[in-house]
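The values are calculated or read from the model by the stated rules, or taken from the named source; none is laboratory data. Keep in mind that what you see is a predicted model, and the values were worked out from it rather than measured. Every residue, glycine as well, gets a Cβ built from its backbone with ideal geometry; the counts of neighbours run over all protein chains shown.
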Amino acid sequence: MSTQQENNFQAIIAHAKEYGFVFPGSEIYDGLGAVYDYGPYGSELKKNIRDYWWKSMTQLHENIVGIDAAIFMHPATWKASGHVDNFNDPMIDNKDSRKRYRVDHLIEAHAAKLEEKGQPKEAEALLQEMDALLSKDDFAGLKHLIESNKIVCAVSGTCNWTDIRQFNLMFDTKLGSVTDEADTIYLRPETAQGIFVNFLNVQKTARMKIPFGIAQTGKAFRNEIVARQFIFRMREFEQMEMQFFVRPGTEGEWYKYWKQARLQWHLSLGIPAKKYRYHDHVKLAHYAKEACDIEFEFPFGFKEVEGIHSRSDFDLTRHQLYSKKKMQYFDADIDAATGKPYGNYVPYVIETSIGLDRMFLLIMAHAYEEETITKEDGSTDSRVVMHIPEKIAPIKLAILPLTKKDGLPEIARDLMDECKNYFRCFYEEKDAIGKRYRRQDAIGTPFCVTIDHQTKEDNTVTIRYRDSMQQERILLSQVKDIVINAIV
Ligand code: ATP
């Protein structure tokens, strides 16, 4: 990250705290690593992003329904899914500082330094060698790679490393009151398994026909070793996942559909396409047919915000094996090739999986601007403005009587009563109007309406647009519809 990018990122984090978007978790106790709390405007923005996703998945797709599964699941779930055996990251400890690193992060950071020093070929070669060793689980080779490149610990500055070990990312706890007898259970590391184990419950009760999807949002927990970059990598976070069940043989076309549809969802928020790119996976999990990430250009470079995976029948088949319950669907449609119904099969799955907190960070990074304003007399001023898409802005309309008297607050309160059932409004009568506008800019309110003395005469108000700062005189009776048109 260049110094300017780093400064910009730090400014976003500071802004998020100062204006009630995101606070460090348990801050009065000096925080808890990689855990964050959302404040008044943050919780509102997060909810709006979640609702926008939920609406696009369920309300706008007749063949997708939602569920809300428990965080705790039977421990066999995680055996079946492969998380108990495979959800590991290779780690290495520095013997002098006792600091622990994820091996890939340590090597990637070194490659980034080489690149900064003008050695892109060496950086590329290092990453390629790392990928090759990681894919073979060759830990001795990886340790040798670290040592031969003289990669040192950022804290101790030494190259005195332990052997590489695997570290499981799941948090465990005990179910039941008597510790000795209690079963070890896990906090779910992803929401997807709650969908897979409920596949038949949902299919039968909602009478779904293939192809159909099940959507879910909810918390997931991962004991990330190197949790950095604010809410980009957290230990407790929220996912928005959708599993789409299809007839085997049609997964290719559905994968293409969802890959495109999900990028479209991002673009529908008005974020420029050049900030996004696909990253197609070359190295696939053994059961996967195709996989890609949707990456966004965060202040620290292009990084994954969402994954789209063609997962074959892997998950349902594994649950069938471990639970000994059939996970099949009867397809009565006629197969043109045989003239008979397709019959019973275990469906294939296309998964779309996006981190809500990462999406939140994406919006913050996209929205944040320190703007210099040139006034009519040539002098300059500045403001911090959050260009949050209108649809998901925490507050949609600020209602501001110019003064506290002369009947203006009463008119403003009437407008508040007219609008507050439809969208989130904010009422304020304190401070100069310019100051009030700036505060709304800083939390991303797209519309401000000022009620002044002229309002009493002709029922008009001044509406001010956040992004252009332009103001115009409109009828009081038009306000509600203008806002509704912008947010639906
Ligand atoms: P990464 O490579 O960044 O660790 P991943 O490939 O493990 O992510 P998935 O398991 O595919 O991620 O999870 C789907 C989505 O969940 C990711 O695209 C990301 O948006 C989000 N996510 C995963 N881990 C975290 C985390 N620790 N904190 C916040 N969001 C996360």
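Assorted remarks:
- Long-range neighbours under 7 Å by Cβ, at least six apart or interchain, first residue in contact (Cβ under 8 Å) with a residue 12 or more places away in the chain within the range 309-328, second among the acidic types (Asp, Glu) and buried (at least 19 other Cβ atoms within 10 Å of the Cβ): 309/351; 310/251; 311/351
- All conditions but one from (1) more than 23 Å from residue 462 (Cβ to Cβ); (2) buried (at least 22 other Cβ atoms within 10 Å of the Cβ) apply to residue 399; the one that does not is (1).
- Residue in the range 173-180 that is assigned by TED's automatic domain parsing to the domain that holds residue 83, within 15 Å of the ligand (Cβ to nearest atom) and farther than 16 Å from residue 88 by Cα present: no
- Positions within the range 279-303 being farther than 23 Å from residue 253 by Cα and of a type outside the set (Gly, Ala, Ser), in sequence order: 296, 297, 298, 299, 300, 302, 303
- Checking the range 420-436 against the condition returns no match, with no residue being within 29 Å of the chain's Cα centre (by Cα), surrounded by fewer than 19 Cβ atoms within 10 Å (Cβ to Cβ) and in a strand (DSSP E or B).
- If you go through the range 195-220 and keep only what is within 14 Å of the ligand (Cβ to nearest atom) and either within 24 Å of residue 14 (Cα to Cα) or free of Cβ contacts under 8 Å to residues at least 60 places away in the same chain (or both), you end up with just 220.
- Those residues of the range 442-462 which are within 36 Å of the chain's Cα centre (by Cα), in a helix (DSSP H, G or I) and surrounded by fewer than 22 Cβ atoms within 10 Å (Cβ to Cβ), in sequence order: 442
- Any hit, the range 21-39, residues being part of a helix (DSSP H, G or I), in contact with a Gly (Cβ under 7 Å, 6 or more places away or on another chain) and at pLDDT 95 or above: no
- Of residues in the range 41-90 being β-branched (Val, Ile, Thr) and part of a helix (DSSP H, G or I), the one surrounded by the most Cβ atoms within 10 Å (Cβ to Cβ): 49
- Entirely in the range 261-321, the strands (runs of 3 or more DSSP E) that have 3 or more residues that are crowded, with 19+ Cβ neighbours inside 10 Å and within 13 Å of the ligand (Cβ to nearest atom): 290-298, 301-310
- Test for residue 412: is it within 24 Å of residue 459 (Cα to Cα) and aliphatic (A, V, I, L, M): yes
- Within the range 227-242, considering residues that are hydrophobic (A, V, I, L, M, F, W, C) and more than 6 Å from the ligand (Cβ to nearest atom), the one farthest from residue 195 (Cα to Cα): 230
- Evaluation of residue 13 against (1) more than 20 Å from the chain's Cα centre (by Cα); (2) outside the structural domain of residue 228 (by TED's automatic domain parsing); (3) not charged (D, E, K, R) (one fails), failing number: (1)
- Count of residues meeting criterion [within 19 Å of the chain's Cα centre (by Cα), surrounded by fewer than 19 Cβ atoms within 10 Å (Cβ to Cβ) and assigned to a loop (DSSP other than H, G, I, E, B)] in the range 191-232: 6
- Test set (1) in contact with an Asp or Glu (Cβ under 8 Å, 6 or more places away or on another chain); (2) near the ligand (Cβ under 9 Å from one of its atoms) - residue 224 fails condition number: (1)
- Matching residues, the range 133-178, being of a type in the set (A, V, I, L, M, F, W, C), without any contact (Cβ under 8 Å) to a residue 24 or more places away in the chain and under 27 Å from residue 190 (Cβ atoms): 133
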